1. Only one of these conditions is not met by T38: (1) surrounded by 15 or more Cβ atoms within 10 Å (Cβ to Cβ); (2) under 23 Å from M144 (Cα atoms). Which number is it?
2. Search the range 33-48 for residues that are without any contact (Cβ under 8 Å) to a residue 60 or more places away in the chain and pair each with any residue that is among the basic types (K, R) when their beta-carbon atoms are under 8 Å apart and the residues are at least 6 apart or on different chains.
3. In the range 109-152, how many are touching a residue at least 60 places away in the same chain (Cβ under 8 Å) and of a type outside the set (A, V, I, L, M)?
4. What residue, among those in the range 95-118 that are in contact with a strand residue (DSSP E or B) (Cβ under 6 Å, 6 or more places away or on another chain) and not in a helix (DSSP H, G or I), is surrounded by the most Cβ atoms within 10 Å (Cβ to Cβ)?
5. Just one of (1) at positive phi; (2) assigned to a strand (DSSP E or B) trips up G52, so point out which.
6. Checking L6 against (1) exposed (fewer than 15 other Cβ atoms within 10 Å of the Cβ); (2) in contact (Cβ under 8 Å) with a residue 40 or more places away in the chain; (3) assigned to a strand (DSSP E or B), which single condition isn't satisfied?
7. Name every residue in the range 119-149 that is more than 30 Å from F70 (Cβ to Cβ) and either out of contact with any helix residue (DSSP H, G or I) (no Cβ under 9 Å at 6 or more places or on another chain) or outside any strand (DSSP E or B) (or both), in order of residue number.
Amino acid sequence: MHDAGLHHVALRVRDLEDAISFYRHVVDAEPVVLPFATSGPLAELIMGGPPGVAFKTCMLRIGHDYLELFEFEQTHEVVTPVHPSRGNILHICIRVTSVEGALRRAEELAGRRLWPDIQLWGDARAIYVADPDGNVIELIDTPMPDVVRMTHHMFPRTEPATEPPPPSGSGGSR
């Protein structure tokens, strides 16, 4: 049994309160750690510098998952979105009950669609949107195990081969 799993995702935002409002209204995020400020040696340790770095942060729960938001003091670089091919995190995906409803709320709150229309992936409905800070979010209405199953069906050579477990009493590694 594996005990590892994705713990949370952290995003940089320009305005923490605006970002909290966006995620609360678009994907029903619930604040579980209210905003607090961090500066000095602790902030420098967390971010690996530079000297004087300071930020506010909070934690939101979305279903069973968590999103951490960071707003840096304006003395440091402003948020500058980059094309997904130039960034390290291409997007985060959030499952919603209604893609249409979440898209409508995102657009009402200064989010913008990145695809012209909601797309189908098998039975799943999905669309990419950018939050007001340019973070790319995929809104989807289908659980990941179903998406995996549909992907294997649409692209048959994508299913990993399963290896049989080692014989019992094999002694493990050398």
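1. Single failed check for T38: (2).
2. Taking only residues 6 or more apart or on different chains, the pairs are P35/K56; F36/K56; A37/K56; T38/K56.
3. Of the residues in the range 109-152, 5 are touching a residue at least 60 places away in the same chain (Cβ under 8 Å) and of a type outside the set (A, V, I, L, M).
4. Looking at residues that are in contact with a strand residue (DSSP E or B) (Cβ under 6 Å, 6 or more places away or on another chain) and not in a helix (DSSP H, G or I), I get G111.
5. Condition (2) is where G52 drops out.
6. Condition (3) is where L6 drops out.
7. Within the range 119-149, Q119, L120, G122, D123, P145, D146, V148, R149 qualify.
Residue-wise test of (1) at pLDDT 95 or above; (2) not assigned by TED's automatic domain parsing to the domain that holds I127.
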position: D15; (1), (2): no, yes
position: D28; (1), (2): yes, yes
position: E44; (1), (2): no, yes
position: H64; (1), (2): no, yes
position: V79; (1), (2): no, yes
position: A102; (1), (2): yes, no
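The values are calculated or read from the model by the stated rules, or taken from the named source; none is laboratory data. Every value quoted in this text rests on a predicted model; they were computed, and no experiment measured them. So basically every Cβ, Gly included, is an ideal-geometry build from the backbone, and we count neighbours across all protein chains shown.
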